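The values are calculated or read from the model by the stated rules, or taken from the named source; none is laboratory data. Since we're looking at a predicted model, the values are computed, not measured. A quick note on method: Cβ atoms are made from the backbone with ideal geometry, for glycine too, and the neighbour counts reach across all protein chains shown. Keep in mind that these areas ignore ligands, DNA and RNA; they rest on the heavy atoms of the full protein, side chains included. Shrake-Rupley method; radii C 1.70, N 1.55, O 1.52, S 1.80 Å.
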Amino acid sequence: MNLRKRCNIVSMFMLVAWLAAAVVLTLASPATGDAASKPEAWEKRQGGTLIIGSSKDMNTKHPFTRVTSVDEFIKMMMWESITMYDLAGNLHGMLAESWEPNADASEWTFKLRRGVKFHNGAEMTSADWVWSYDYILNPANGAYANTVLSDNIAKVEAVDPYTVKFTMVGPRALFPHVLSSIQNGTIVPKGSLGGKVGEIEGNPPPGTGPFQFVNWTPGTQVEFKRFEDYWDGAPYLEGLRFRIITNKAARQNALRAGDVDMADRLRPSFAERVKKGRITGIQTRAVGGAGFRQLYFNTKGKWTGDKRVREAIIISLDREATVEEGFLGVGDPLPLAVPPDSDWLRAGTANLPSYERDVKRARQLLKEAGYNGEPLSLNMTLGQEVALGEAIVRQAAEAGLNIKMAPVESTIFYERLGKGDFSLLMSSGRFRGEPGLEETINYVCEKGKVRRSRTGYCNPAMDALISSYPTASDRAERVRIYGKIVKAVFADEMMQYGIGWSNNRNFGWRNKVKDWQRGPGQEYRNALGGLHRTWIEK
Amino acid sequence: MAAPTKRMIRYTLLRALQMIPTVLLVTVAVFVLIIIIPGDPVLSMLGYYADDVTAVPHEIYDRMFRELRLDRPIPVQYLYWLGDALQGDFGKSVVFRVPVIDVVLSRVPATLYLGTASLLIAIAVSVPFGVWAAVKNDTWVDHLASGFVLFGIAVPGFWFGMIVILVFAIYLGWLPSIGYVPPQEDFLRFLKHLILPATVLGLDVAANILRFQRTDFLDQLHQDYVRTARAKGLPGQLVIWKHVLKNSLIATVTVVGLNTARLLGGSTIIETLFSYPGLSRLLIEAIYARDFPVIQAVVLWMVVLVVIVNFFVDLIYAYLNPRIRYATA
């Protein structure tokens, strides 16, 4: 074979290979752009409006007001955070592609994700980042995240259109974790907010999320439509509608009747019936770590100010029995709001006594403290498990403690908390990768604007210990500090008592809903999946 | 103008004038009630928890405090509020940060449809059935009516609601279990969404009305004028529907009046069960969230409605029993 022939054959092979590669690449490319360029699989799956029976409503149309659980989960459809956790608790970049600290983490440089578009079609650049963070950091704008972010950020500046540098107020090794919630770091187009504090006229400012806002009828429903130019590929679902159904039974009925395709916070008994096949056409999934329940003691309280009384309360309770009774058998008894079998738990419990139930010793401690059955109030919100409160009251009563359960709606709960008008407080907790960050509001007495201590406890040594946590770059070092915090809070001062994780919240969806992934908590998405990858079987 | 007509006009005007001080007194009560309920509207408006008071920048807090006119004496606050309310301005919802009037008006049509449909069902069932039961006293018809009344009064609405949802929405799949569709959007779906909640509410009210209707009708049947009418040779149906029914309606109108107000503002449980976006559900949610402006607006709406319904009930009384308007005049 002469050289020319060989060259022709090689050229032909190269052409065929090139064509094959082009076909493969086209099929494998993300589902973006116009419909014609979308792969067949996308075309088969796309379409339909997913209706979700939501236990709560979105609170406001403002991206920078305080968010509450479900409110945040709904807003995460249109606004996105800088970083986000996956189901395993690993942090991923969302609006940021990468980030880099300087040597002592007093400066952080973020590379923006390229090709991210706002719902108004404009491309997201560093100018939008700087404007959004300046907006939050200006106290006159009343942004809720001002308290947290001004404790982290001193200055934000654009290095180039796709790079932003944050100068911190000091070393902040966990800054990317702080930016994992939309409250602390969503980006809106430059100049898109103004006017009065917390108020929005008309539609909310454009976000970058997979769905864009259509309308909101407060207390009734929130509607979104697919954002075709979403940076991670257009969602399969054409629309998304959150129907606000506050009543659990009504949500369950709506799901069974097919009036909604998905619903949150369903009863364990409902999930059990689905599991046993008594209800068909539906799938359910318990939310691991739906919420941790714990007790805080008011260290300034008349009786709970005495450490002996606090200890008596702790040893009057049987954690296993409390969880069994309070969570109706679907909970994990644990002393700390961290995952079971984690190094956080091992470090935390290393120096923590087991506090076995000892009614006799509890009575002795109460006698020494001079306590004689005076009422102690247990401040809790209406949404929390009354059965759990009843279990605590009953067990403590066996040791001579007179705890009065006071379930109130959240405004009064927080008002009493602010005034220190309680003996015990039942509170929720959740794990978001870095448990040491969660302790700040509970025990730091005075640190910049983060000023409160739920228990009334005030100790500069504790402030210093907790403040050292976010400055530690090394995870092992943070685990060690967390262990110290736990020892100080739970063992030395006995200000807190962990009950356990309640796994009594369930998502349910009809069989036609495919490929949905929840978030690490009860979110509708995580860093790697969620409603934007969900589709409805025709 | 004939004397009875004059008396009726005078009676109507008098009753209308009496509504004004009633409504004013209620506005004072609503305003004061909101002031004494715990909770800081400034913090709520700013989106902070009540234990966050030290976290809010002072200038922001003070500015909002002044904007809400909380720095003024309470009587002045009331006058401002009343003046604004008369112009339809109830301020902004603390929770949703949108004008209260928009939130309330978005719920009014659904409430009116549900209330009206329930009332129509209630009257359509109770009045003929009550008359029939009284005429057929102590027969199976009467026993059936008594059973219906017993069931309607004894069985809680939410339980009955759950049962109809199970049967008609889940097992049979004929009707939706939740929600509301505006009639202008899709009239058939509007009706489908209305049937279950309206029936549950309507039958509950029907039991109440039927009880009074039957007793009163029975009472009237034994009156001398009925015996006289029959002795004169009037047809039985004419005696029943023209003479007895009109005289037996006084108590029925009272019960219908009371229940109308309830249907238009007090159907919280049914609205919650059917996730129906009515005013009662809005009120409960606003109370939980300490959304003061919404609470004020909804309570005021309900009170005004009760006053108006009572006004019409009084007019119907006067029509049914002329002695009432003569006594007042």
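Between the residues A:GLY202, A:GLY258, A:ALA362, the greatest Cα displacement towards the positive end of the dipole of the protein assembly as shown, with unit charges on the Cβ of Lys, Arg, Asp and Glu, is found for A:GLY258. Each residue of the range A:506-515 was assigned a 3J(HN,Hα) from its phi angle through the Karplus curve 6.51 cos²θ - 1.76 cosθ + 1.60 (θ = phi - 60°); the sequence is 10, 8, x, 8, 6, 4, 6, 7, 10, 6 Hz, with glycine and proline shown as x.
Return the average number of partner chain Cβ atoms within 10 angstrom of each residue Cβ along peptide B:270-278. Walk me through the numbers on the way to the answer.
Values: counts 0, 1, 5, 5, 5, 14, 2, 7, 0.
The per-residue average across the peptide is 4.
Can you give me the relative contact order of chain A as a percent, contacts being Cα pairs under 8 Å and 6 or more apart?
On the way: 1126 pairs, mean separation 104.3, N = 538.
Normalised by residue count, the contact order of chain A is 19 percent.
When chain B is treated as a GNM with alpha-carbon contacts under 10 Å, the residue of B:ALA117, B:ALA286, B:ALA154 showing the greatest mean-square fluctuation is B:ALA154.
Of the residues A:ILE392, A:VAL444, A:ALA103, the one whose Cα sits farthest toward the positive end of the charge dipole of chain A, with +1 on the Cβ of Lys and Arg and -1 on the Cβ of Asp and Glu, is A:ILE392. Amide H to amide H, with H built 1.01 Å from N, A:LEU112 comes under 5 Å of A:GLU97, A:THR163, A:VAL164, counting only residues 5 or more places away or on other chains.
Between B:LEU263, B:LEU172, B:LEU46, the GNM of chain B built on Cα springs shorter than 10 angstrom shows B:LEU172 fluctuating the most. Shown in residue order for the range A:55-61 are the 3J(HN,Hα) couplings computed by the Karplus curve 6.51 cos²θ - 1.76 cosθ + 1.60 at θ = phi - 60°: 6, 9, 9, 6, 7, 9, 9 Hz (x for Gly and Pro).
Looking at chain A alone, DSSP beta bridges between its own residues are antiparallel in about 75 percent of cases.
Rank by packing, highest mean first: peptides B:235-244, A:138-147, with packing defined as the count of other Cβ atoms within 10 Å averaged across residues.
On the way: B:235-244: 14.5, A:138-147: 20.3.
Per-residue Cβ counts within 10 Å, averaged per peptide and sorted highest first, yield A:138-147, B:235-244.
Find the centroid of the Cα atoms in the range A:102-136 and in the range B:195-272, then give the distance between the two in whole Å. Centre-to-centre distance over Cα atoms comes out at 70 Å.
What shape does the range A:183-246 have by the C-alpha gyration tensor, where a ≥ b ≥ c are the square roots of the eigenvalues, rounded means a/c under 1.5, and otherwise prolate means a/b greater than b/c and oblate the rest? Walk me through the intermediate numbers first.
On the way: a/c = 2.20, a/b = 1.13, b/c = 1.94.
Judged from the Cα gyration tensor, the range A:183-246 comes out oblate (a/c at least 1.5, b/c at or above a/b).
Using only side-chain charges placed at the Cβ, +1 for Lys and Arg and -1 for Asp and Glu, the dipole size of the range A:200-322 relative to its Cα centre rounds to 900 debye. List every DSSP H helix in chain A whose Cα atoms extend 20 Å or more along the helix's own long axis and whose mean Kyte-Doolittle hydropathy is at least 0.5. Helix filter hits for chain A: A:3-28.
Inter-chain neighbour count for A:59-68: the average number of beta-carbon atoms from partner chains within 10 Å of each residue's beta-carbon is 3.
Amide H contacts of A:SER473 (H built 1.01 Å from N, in plane; Pro and chain starts excluded): no residue 5 or more places away or on another chain comes under 5 Å.
With contacts taken as Cα pairs under 8 Å and at least 6 residues apart, the range B:251-298 reaches a relative contact order of 23 percent.
Rolling a 1.4 Å probe over the heavy atoms of the protein chains gives chain A an accessible area of 40 Å² per residue.
How large is the dipole of the range B:13-86 about the Cα centre if only Lys and Arg carry +1 and Asp and Glu carry -1, each at its Cβ, rounded to the nearest 20 debye? Walk me through the numbers on the way to the answer.
Working: 5 positive and 8 negative charges, 99 e Å.
Taking the Cα centre of the range B:13-86 as origin, the dipole is about 480 debye.
Of the peptides B:157-169, A:62-74, the ranking by mean beta-carbon count within 10 Å, highest at the top, reads A:62-74, B:157-169. For the range A:177-184, putting each phi into the Karplus relation 6.51 cos²θ - 1.76 cosθ + 1.60 with θ = phi - 60° gives couplings of 5, 4, 8, 8, 10, 5, 5, 9 Hz, in residue order, rounded to whole numbers and with x for Gly and Pro. Ordered by solvent-accessible area of protein heavy atoms (1.4 Å probe), largest first, the residues B:LEU112, B:LEU144, A:LEU240 come out as B:LEU144, B:LEU112, A:LEU240. Over chain B, Cα pairs under 8 Å with separation of 6+ residues give a relative contact order of 26 percent.
Once you have a ≥ b ≥ c as the square roots of the Cα gyration tensor eigenvalues for the protein assembly as shown, tell me rounded if a/c is under 1.5, and otherwise prolate or oblate according to whether a/b is larger than b/c. Before the final figure, lay out the partial values.
On the way: a/c = 1.92, a/b = 1.50, b/c = 1.28.
Note, shape of the protein assembly as shown comes out prolate.
Of A:HIS532, B:HIS58, B:HIS193, the residue with the largest accessible area leads and the full order is B:HIS58, B:HIS193, A:HIS532 (1.4 Å probe). Only the Cβ atoms of Lys and Arg (+1) and of Asp and Glu (-1) were treated as charged; on that basis the dipole of the range A:328-391 about its Cα centre amounts to roughly 320 debye.
Under the shape rule built on the C-alpha gyration tensor, where the axes satisfy a ≥ b ≥ c, chain B is oblate, since a/c reaches at least 1.5 while a/b does not exceed b/c. Along the axis of the charge dipole computed for the range B:100-328 (Cβ charges of +1 for Lys and Arg, -1 for Asp and Glu, origin at the Cα centre), the listed residues B:LEU166, B:LEU221, B:PHE148 are led at the positive end by B:LEU221. Measuring between their Cα centroids, the range B:110-166 and the range A:460-538 lie 52 Å from each other. Taken residue by residue and averaged, Cβ atoms of other chains lying within 10 Å of the Cβ of A:134-146 number 3.
Taking all protein chains as shown and a probe of 1.4 angstrom, B:ASP186 keeps an accessible surface of around 60 Å².
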